[in-house]
1. Tell me which residues, restricted to the stretch 422-443, are under 26 Å from the mean Cα position of the chain (by Cα) and surrounded by fewer than 18 Cβ atoms within 10 Å (Cβ to Cβ).
2. So which helices (runs of 4 or more DSSP H) stay within the stretch 299-386 end to end and still have 3 or more residues that are under 30 Å from residue 419 (Cβ atoms), at pLDDT 95 or above and within 11 Å of ligand 1 (Cβ to nearest atom)?
3. With under 30 Å from residue 812 (Cβ atoms) and in contact (Cβ under 8 Å) with a residue 12 or more places away in the chain as the only criterion, which of 627, 703 stands out?
4. Checking the structure you have, find out if any residue of the stretch 168-179 is assigned to a loop (DSSP other than H, G, I, E, B), among the aliphatic types (A, V, I, L, M) and more than 30 Å from the chain's Cα centre (by Cα).
5. State which residue is nearest to residue 129 (Cα to Cα) when the search covers only the stretch 281-322 and only residues that are touching a residue at least 24 places away in the same chain (Cβ under 8 Å) and among the β-branched types (Val, Ile, Thr).
6. So which of 687, 703, 758 ends up being farther than 24 Å from residue 626 by Cα, modelled with pLDDT of 95 or more and either surrounded by 14 or more Cβ atoms within 10 Å (Cβ to Cβ) or in contact with a helix residue (DSSP H, G or I) (Cβ under 6 Å, 6 or more places away or on another chain) (or both)?
7. Being within 21 Å of the chain's Cα centre (by Cα) and within 16 Å of ligand 2 (Cβ to nearest atom) is the requirement here; does residue 269 meet it?
8. Out of the residues in the stretch 114-139 that are in a loop (DSSP other than H, G, I, E, B) and crowded, with 24+ Cβ neighbours inside 10 Å, which is nearest to ligand 1 (Cβ to nearest atom)?
Amino acid sequence: MRTQNAPTIRLKNYTPPAYTIEDVELKVQLDPHTTQIKSKISFSRERGIKAGTPLCLDGDELKLISISLDGRELDHQEYKATPQALVLRTPPKTKKFILEVVTELAPVENKKLMGLYQSNGVYCTQCEAEGFRRITYFLDRPDVLAVYTVRLEADRTDCPILLANGNRIKCGKLANNRHYAIWHDPHPKPSYLFAMVGGDLDVYSDKFKTASNRKVDLNIYVETGKAELASYAMGALKRSMVWDEEVYGREYDLDVFNIVAVSDFNMGAMENKGLNVFNDKYILASPDLATDTDFMHIEAIIGHEYFHNWTGNRITCRDWFQLCLKEGLTVYRDQEFSADLRSRAVQRIQQVRILKSGQFPEDAGPLAHSVRPEAYREINNFYTATVYQKGAELVRMLATIVGPKAYRKATDLYFKRHDGEAAVVEDWLKSFEDTAKIDLTQFSRWYGQAGTPTIEVKDSFDKNTGRYKLNIEQSLKPTPGQKNKRIVPIPIRFGLMDRDGNELPIVTKSKAVSNDVILMDKRVMSVTFEGLEAKPIPSLLRGFSAPVHLKYNESDKSKVLRAQHDKDLYNRWEALNGYALQLLIKDTKSRISGKKNKPDERFLTALIATTFDETLEPAFKAQALAIPSGQDVAREIGKGIDPDAIYEARKALQIAIGKALENDGLKLVVQLRNQIQVADEAEATGIRSLANTILPYLVLAKINGALELTQKLYSSATTMTDRLGALHPLLYCQSDNAIANAALDKLFKRYRKYPLVIDKWFSIQASLPGNKGLKRIKELSSHPLYSLENPNRARSLLGVFAAGNLSGFHRADGKGYKFYADQILAIDKINPQLAARLLTLMNNWKMFEKQRATHAKRELTRIAKTNGLSRDTQEIVDRALG
Ligand code: TRP
Ligand code: ZN
C-alpha cells in the first residue's frame, strides 16, 4: 500500500476529546510470542457531548481477542475493530462506562521499537509519541490523563524484575514458576508516559532525601553483569535532583525513581513517569569504556529526563504541536544544568555548535518548520533540532529579556497554574506576561515562523560629537509554505571595547538598551552611544543571545583583539572560530578555481597565543583549536558545494596549525599528559581534550616525534578518551595503513564483547574521506557485528557516514548516495522511525554542485517511488524532494 496520501494533521483542527479516561487497569502476561494484555478502561463522557456519541479508539497493528462493555461481552455488530482502530458506534448513554479489551502481541517480532518489544531478552516499552496504541486500543492523545494500575505476570527465571510506573503495591509468587507485581501510579498521565519492563536485570541502587525530607529509592536497572557501569549515571541523577530543587524549586514526587537501560532504543531516553527508559549508551560508562564526551552526554540526558518530571509530566502537552513546550524547555533546563556543573563558556560553545550544525541547516532546507509546527503527517518526524534546540533558544531568549529573577517567578507561576494539566505554548507565555508585566505578542511569532533570521549590523563614529552609532537591520527569507515573514524581537547581548581590549561603559538614551542587551524589535533600528573618544570595537551577540545569523563586517585585526580580550568567553571563541571559518571559505573558493591561499599568519599567531594563554582553561583552548567542520564550511557557502575542495582547504589549515605549533605543541602535549597525573577529574577532562585536539595537527604536519608520541599514547592509554584521541590521528593524519589497521584491530579484539565500544569502532572508520571511504563502509556493512536492527549500530556507521564524512558520502559519482539509499530502504522495512531520521541527513542535497545534486535527486526519487514505504520515510522523502 502506498502511504503517500497519509492524512495531514493540523493544529487548527484541534478538538478536545469527547470522552476522557479516568482509570486504567492493565493485566499483562508477558510472553515473547503471545503476550496478553487485558485492559479495563473507565470512560467518562465530557460535558456538552451528546449521549451516544461514537467512541473511536486508536490502535496500531493490534490483534483483538475479546471485548466487553460494562461486564457484557459484545456482539460483532456492536463494534468495529481493525488493527488501526476500535469503534463503538453507539456507546452507552450513561455518563460513565467500562470497556474491557483483550489484545495479543508478539514482542519479539516488534522491530519498530515502539510499543512493547524485547531488547536483548528484556521486555520494555516506548510509548511516545503514539506507541501505547500498539499495546491496547486507547484514546492515545496527550490531553487524556488517567490513573494507571498495572499487573505484570511473567516467568520467574526469565523475568525476575517486573516494573511499571509509580509505586509497587503488591507482588508475589504463582504456580509454574511464575510471579506477578502490581504497580500503581497515582499521578494522572497521558498514555505516552506509560512504561513497563520485565527481565533479568541487575540493579545499581541509592537513596535520595528531598528538600522536604521525603525519602526516595533510586534504582538503575541494567543488563546482567553491568551494574557497576551505572555508578556515574546514579551520581548524575542525584545532582539533577538537587539542581531542580535549588534552581527551579521542584521536588521529586514518588517514593521510587527507576531507570532501565536497554541496548535497542530509537532515541536517547524516555521520561516515563517514575520509570525512565534509556538507551544504554547514555547510562553505561567507565573511563575504560566511555569517553569524556560520553560522560558529559550521560549527565545531560539523565538531567533532561529527570527534569521532564515537571516540564512534561506534571505539566504535559495538549497536543503534539505543543511538543516544544516540554522539549524546548527541558533542553534549556538540561543546558543550564550542565553549564552550572561544568564550564559555562565551554557548554555554550558546544550548544551553539550543535544548534548551527543541526538546526540551522534544517531551517534553511526543505524540512524547515516552525518551533511549533502547524501540520504533520507522522509525528515521529517532528522530534527535530528545531523543536528541541531552537525551542531551547526561545526559552533562553525569554530568560534574557525578563532577567533571572522574573524568569524564576514566571516558571513558579507556570507550575502553580498548570500542574496536572495538558498545556499549550500560550499558557507558558502568559505566565511570563503576568509576572514580568510585558506583552509577548510579538515574541510569540518566534514559535510560528520557520527560518533563521539575519541581523546585519553597520556602524559609524563621529569624532566631533564622540557618538558611535549601530545600525541594525533584521530580515528573514521565505521558507517552504511560509512566504511572508514578520519582525521578531531579538535580544542582542553586547559590549563595547577600546583598542586595548578594555570594556567601555555604555552610555545611551536608547530605550532599546537595558544593561548589556539591545532588544531589536523593528525591521531597522539604530542605537547611538555617547561619550566615546575613539571608534569602539563592538562585541555583538555575546553568549549567542539569539538564534540568528549575524552579519557584521569585522576587520581581522579586531577579531584578533576580541579573541584575546573580549570579556565574554563565548565571543572570544567565536572571534577565532569565525576567523577560521572565513579563511576556510576563501580557500575553498580559491581551490575550486584551481588556486590555493597562503596560511594567514595573523590567525595562526592569535591561535597560538590562545593555546599558550595561562589564564584560559584547557577545555576552552581545545574548543578554540577545533576548527570549523567541513559541514560548517559547506553550510556557510550554501550552494554549489564541492566537498573535495573543502576537504583540501581544511587539511591545509590543519597542517598550517601543526607547523605553527611545532615543537612547542609537542612539548605541550607531553606536559599536559604529566599534569593529568595530579589533576582532579574535571581538570583532567579538559586537559585530555586539549592534548587530543593538538595531537592530530602535529601528526598531520609531520612534526618530528609526533607520530611516535601518538603511537606511544595509543598503546599506553588507560582511558577510552585517550585511546580514541590517539587512534584518530593514526587513522587520519598519517598514511601508513599498517599502523592504522593494527591500531584498529587492537581496539576490536580488546572490546569485542562491548557493543558500545564496537559502535565506536564502526564510527571511527565511517569518516574515512574521499573514494576510499565508501569501500571501507561497504565492507563494514557486511561485517558480522553490523546490524540494521540495532539503532546504535546502524547509526554508528550510517549516521556518521552521512553526517560526518563530507567527501566520502558526497562523492561526485553518486555512489555514496546509492549505497545510503539502499540501506535506508532496508531499514525502512524494519524500523521506519530510524530510516526516516537517517534519511533527513540527505535533505540538503540541493546545496551541492550540480553533478552531485543530480545523483542525490535520483536516489531520493527512487526511494520516494518504492512500494510499501513507511509513512515516516515517505513524508521525509516527499518533503526533501520539495
Ligand atoms: N521524550 C523523549 C525525550 O526527549 C524523546 C523520545 C524518546 C522519543 N524516545 C522516543 C520520541 C521515541 C519519539 C519516539 O527525552
Ligand atoms: Zn525530552
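The values are calculated or read from the model by the stated rules, or taken from the named source; none is laboratory data. Being a predicted model, the structure only gives us computed values, none of them experimental. Glycine gets a Cβ as well: all are built from the backbone with ideal geometry, and neighbour counts include every protein chain shown. Protein only, heavy atoms only, side chains kept; ligands, DNA and RNA dropped before computing areas. Shrake-Rupley method; radii C 1.70, N 1.55, O 1.52, S 1.80 Å.
1. Of everything in the stretch 422-443, those that are under 26 Å from the mean Cα position of the chain (by Cα) and surrounded by fewer than 18 Cβ atoms within 10 Å (Cβ to Cβ) turn out to be 426, 427.
2. Numbers: elements: 323-341, 344-354, 360-364.
In the stretch 299-386, the matching helices (runs of 4 or more DSSP H) lie at 323-341.
3. Numbers: 703 fails: under 30 Å from residue 812 (Cβ atoms).
Unique residue meeting the criteria: 627.
4. Initially, the stretch 168-179 is screened for residues assigned to a loop (DSSP other than H, G, I, E, B), giving 174-177.
The next check asks that each one be among the aliphatic types (A, V, I, L, M); those that pass are 174-175.
Next, only the ones that are more than 30 Å from the chain's Cα centre (by Cα) stay: 174-175.
Yes, because at least one residue in the stretch 168-179 is assigned to a loop (DSSP other than H, G, I, E, B), among the aliphatic types (A, V, I, L, M) and more than 30 Å from the chain's Cα centre (by Cα).
5. Among residues in the stretch 281-322 that are touching a residue at least 24 places away in the same chain (Cβ under 8 Å) and among the β-branched types (Val, Ile, Thr), the one nearest to residue 129 (Cα to Cα) is 316.
6. On the way: 687 fails: farther than 24 Å from residue 626 by Cα; 703 fails: farther than 24 Å from residue 626 by Cα.
758 is the lone residue from the list that is farther than 24 Å from residue 626 by Cα, modelled with pLDDT of 95 or more and either surrounded by 14 or more Cβ atoms within 10 Å (Cβ to Cβ) or in contact with a helix residue (DSSP H, G or I) (Cβ under 6 Å, 6 or more places away or on another chain) (or both).
7. Working: within 21 Å of the chain's Cα centre (by Cα): yes; within 16 Å of ligand 2 (Cβ to nearest atom): yes.
Judged against the criteria, residue 269 is a match.
8. From the stretch 114-139, those in a loop (DSSP other than H, G, I, E, B) are 114, 120-121, 127-131, 135-137, 139; that's our starting set.
Filter once more, keeping what is crowded, with 24+ Cβ neighbours inside 10 Å: 114, 127-128, 131, 135-137.
Numbers: 114: 7, 127: 8, 128: 5, 131: 7, 135: 15, 136: 18, 137: 20 Å.
It comes out as 128.
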